[in-house]
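Okay, so here's the structure we're looking at.
Read the figures in this text as sums done on the coordinates, not as results from a lab. Remember, predicted model here, so these are calculated numbers, not experimental data. Positions of Cβ are generated from backbone atoms using ideal geometry, with glycine treated the same way; all protein chains shown enter the neighbour counts.
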Amino acid sequence: MRCGFLCRFLWLWPYLFYADAAPIQKVQDDTKTLIKTIVTRINDIAHTRSVSSKQRVTGLDFIPRLHPVLSLSKMDQTLAIYQQILTSLPSGNVLQISNDLENLRDLLHLMASSNSCPFPRTRSLKTLEGLDDVLEASLYSTEVVVLSRLQGSLQDMLQQLDFSTGC
Amino acid sequence: MACQKFCMALLQWELIYVITAFNLAYPSTPWRFKLFCMPPNTTYDFLLPAGISKNTSNLDGYYEPLLEAKFNSSGTYYSKLTSKTTFHCCVWSEENENCSVQADNIEGKAFVSTVNSLAFQQIGANWNIQCWMKEDLELLICYIEPLFKNSFKNYDLKVHLLYVLPEVLEEPPLVPQKGNFQLVQCNCSAHKCECHVSVPAAKLNCTLSMYLNITSGRVIFQSPLMSVQPITIVKPDPPLGLHMEITDSGGLNISWSSSTLVPFQLQYQVKYSENSTSKREADEIVSATSLLVDGVLPGSSYEVQVRSKRLDGPGTWSDWSTPVIFTTQDVIYFPPKILTSVGSNVSFNCIYKNENKIVSSKKIVWWMNLAEKIPESQYNIMGDHVSKVTLPSLNATRLRGKFTYDAVYCCNENECHHRYAELYVVDVNINIICETDGYLTKMTCRWSTNAIQSLAGSTLQLRYYRSTLYCSDVPSIHSTSEPKDCHLQRDGFYECIFQPIFLLSGYTMWIRINHSLGSLDSPPTCVVPNSMIKPLPPTSVKAEITAKVGLLKISWKKPIFPENNLQFQIRYGLNGKEIQWKMYEVYDAKSKSVSLPVPDLCAVYAAQVRCKRLDGVGYWSNWSAPAYTVVMDVKVPTRGPEFWRIIHEDSSKKERNVTLLWKPLMKNDSLCHVRRYVVKHHTAGNGIWSEDVGNHTKFTFQWTEQTHSVTVLAVNSIGASFANFNLTLSWPMSKVNIVQSLNAYPLNSSCVILSWMLSLSDYNLMYFILEWKILNENNEIKWHRIPSSVTKYYIHDHFIPIEKYQFSLYPIFMEGVGKPKIINDFTQDDIEKHQTDPGLYVIVPIIISSLTLLLGALLILHQRMKKLFWDDVPNPKNCSWAQGLNFQKSTDSL
């Protein structure tokens, strides 16, 4: 128990340190700006723009769907899954988005710490079931859907952050 | 009974015990042993000389010469052998005093007896055998030489090694069959034989079975079957690269390079001897590839050798390396060279030996570059002989010719040894500038090496460490840093590219200068890519002069990144080779255009826009591609053209044709292109009507009525001019004369002044028209409109002096054109006056010359008179009566 508490404290220490160093308003502004940046990046990828939103793609249930209200820790978990999928994609242009998600998750941790509701970082997830098979067979669909859903999720998060920056 | 029991016990002790070891090979480790052989049918109860104990431990040293003497005598025995005789041999090693002998031949059934080796040593032929694996793990070498070299001097030795290397690992090894053995002939020369067996890498751990057949004349010495795992008898090559140097702490560091071929760790044995005022020798075993020897003295020599062996497990010592001798100088600096950065503190230590005597540390003084003595307050006595100097807050080393270092001398009071320590102080303040591209995917960092060009032989490397978010207040060098590839550019800067990037992470980076003397780090700097953004320039930049409003409107679109609010800077100017830019700044992030007043609405303007984050963080983008305005009609012309008329009267037809003349409107007035002119007529009888003249600047119409008013309008694509000039042609008014006089004065060939006087009038004078032309020629009439308030006017034109000009001044009234005042030449009085004027320029010099001549004549005359008047005055020197008289005085009184 003692070790668990200590480990948890040590794990959160960097975020507590950064929370002291960076004003919370700056963190919030940077978070919103980074979300907008990722959304614009996805928009800028040509083949995601032409995808119809009316058509529903099945068989990609491992990609998170939109959730209107999320806590900061849930946001982190969702982004972790997106990040894992993106790093599995061979496209070069999603690598930068994956890095952006890494930064975004760090910012969420920082915000949570500054709001006195820190949460442990989502550890590296187990390999998503069937991801490799899906990627091999339906790379295009996966990329399009994951980017599309990520964009939607980010826009939801942005609205939520505008509305409330609590835990 | 007792005797029988004793004999039995003795037999058991002599034979020890007979082990029936069917199919068993003799394992030997380590693989260095002696082979003792004796003829067949020899009993083992060979008696030892009296007084010698059977305990072999007592035999060392003392017993060997005795044996050799005995063995030399047995040489006679071998020579007397007439038939082929096989000696059976036993193997004896230092670890085992017993010796194993094979009672039967190898190939058949055999048993091995273990007997006391001493018996063999006394009666047989003995051999030293050493086998080892070479360091390359490919070759097994066995080295064979007779223990007593004289035994076989008359016979040729032939040695064969027979071995079996099983295909697979076997435990325990079985005695192979006769046909399985491979035979290797060994190379023999002068009592030494060497056998080479190739061992495949895959079989290094297999058990190799072998025996030796040594033939000397008719005698065959056959070893027992032996077995060994090649990997257990590896003998490394002697260590290489033996090197010695004085350490920074004043010790002697002995280092060497380790073998990279052996698959296990090695241990090393180092033996060294010091030869100075006193001698000392040492022998140490270490597992590292270096050894530190303390207390090095100046003027001493050190001889060192090293050998190596497997650290864990069985193995063989390598041969000793070639000895290396290192001699220390009479003065030892430690460290001998220091590389450091500006502002740091460094210390040098020194031991000084002068005339075979080590100088006391209290007498040592330090000098810098043999130019200045280092203050004694910076000395420290570290021992009887070790002096230390500390140099604080160092400045960068100044280049002195080819010397890139400061020379630090350790001196014995007033005497300095010629050797010195070298101090390299480098300014490592390298500025690293980073820039994130407009797509926010790449950060380029640049740095220059100009500051450290003096340090030859150094290499530079950018190292960085990424923190999760943002930078710490005080960036520091992190131990887990990574190197970054940078490429030298043509401008002398190194360029390093980070892609992809973490926009909000802190990249702490510094330059590491690697040199043979050590490494230095520049002060670390931390950048967050998000704060280093150089946005893409705004797109879709357009420039236009807005219609009707008449402002320069510049519009743009912000770049897609960054998402932060942006400020914009606009520069604009008249297009040309060198544009004189005017700047305008926009701090409203939502602005997409600005409208700016410009003086010339009909000129082409160039405009560019750039942007930067509104909070001032990052860089300005590049200027956008220039946008140019297109000249087009902005407003209706500001006015109609100035115009005049020429009246042609045909007295026979009683018709008067009036030709209107006007000058084309300039762009400033036409705004910007006149498409056509319209002449608007107004008469009492016909009312108002207009005539389209097109682009012409001349129009003729018939003047029929008493009064006829005309107006000329300029029309562009927007509409017709509002402010226009009117001219009323009126018969009654053409007789109204208000110009009393008109004078024309030529100033030069390009300018004429006209002045006039007016009389009072009840009419509304609007302006004058001044008309001039060359008289008597049907030349073009020139005219100017002159405001009514003016009474003097300068005409700038090209006037030909020999021509006569006619000047006419028309008063233009609201009611119509008045009677003109006409003169046909320049005003005569003035011409004459001007003509006499040149006389002045001739007369004045003549008068001045005359006066000068007159003055000269008067002076000459005065001198002449003086001479004439005093011609009869006697010379006082020749005339006695005149002596003593002062004539000068007399003259003065005169």
Any idea what the relative contact order of segment B:539-628 is, in percent, if you count C-alpha pairs under 8 Å spaced at least 6 apart? 34 percent
With a Förster radius of 45 Å, plug the Cβ-Cβ distance of residue B:705 and residue B:630 into 1/(1 + (r/R0)^6) and report the FRET value to the nearest 0.05. 0.45
What is the gain in length, in nm to one decimal, between residue B:539 and residue B:402 on full extension, counting 0.36 nm per residue of separation less the C-alpha to C-alpha distance? 43.8 nm
Sum up the charges of everything whose Cβ sits under 11 Å from the Cβ of residue B:548, counting Lys and Arg as +1 and Asp and Glu as -1, but leave residue B:548 out. 0
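For each of B:294, B:633, count neighbouring Cβ atoms within 10 Å of the residue's Cβ, then give the residues from fewest to most.
B:294, B:633
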Could you sort B:521-532, B:395-406 so that the peptide with the highest average Cβ count within 10 Å comes first and the rest follow in order? B:521-532, B:395-406
Radius of gyration and maximum dimension Dmax of segment B:539-628, Cα, Å: 13.2, 40
Over what distance in Å are the Cα centres of segment A:64-130 and segment B:650-694 separated? 81 Å
By the scheme Lys and Arg +1, Asp and Glu -1, what is the net charge of all other residues having a beta-carbon under 13 Å from that of residue B:421? 0
Inside 10 Å of the C-beta atoms of B:497-505, what's the mean count of C-beta atoms belonging to other chains? 6
Output field shielding_mean for A:26-36 (other chain Cβ, 10 Å radius) holds 3
Modelled FRET efficiency - R0 51 Å, residue B:803 with residue B:690, Cβ distances, 0.05 increments: 0.80
Paramagnetic reach from residue B:139 (point 7 Å along Cα→Cβ, amide N under 14 Å) across segment B:198-220: B:198-200
Built amide H within the under 5 Å cut-off of residue B:805, gap 5+: B:775, B:826
Work out, step by step, the length gained on full extension between residue B:846 and residue B:484: first 0.36 nm times the residue separation, then minus their alpha carbon distance; give nm to one decimal. 120.9 nm
Out of residues 5 or more away from residue B:359 or on other chains, whose amide H comes under 5 Å of its own, with H placed 1.01 Å from N in the peptide plane? B:352, B:353, B:354
Could you tell me the calculated FRET efficiency between residue A:162 and residue A:140, based on Cβ-Cβ distance and R0 = 45 angstrom, to the nearest 0.05? 0.85
Name the long-range amide H neighbours of residue B:87: under 5 Å, sequence gap of 5 or more, or other chain; modelled H, no Pro or chain starts. B:220, B:221, B:222
Listing B:386, B:674 by rising number of other beta-carbon atoms within 10 angstrom, fewest first, gives B:386, B:674
In the neighbourhood of residue B:308 defined by beta carbon distances under 11 Å, the net charge of the other residues (Lys, Arg +1; Asp, Glu -1) is +1
Contact order relative to length for segment B:240-328, counting C-alpha pairs under 8 Å separated by 6 or more residues, stands in percent at 29 percent
Packing-based exposure ordering (other Cβ within 10 Å, fewest first) of B:689, B:623: B:689, B:623
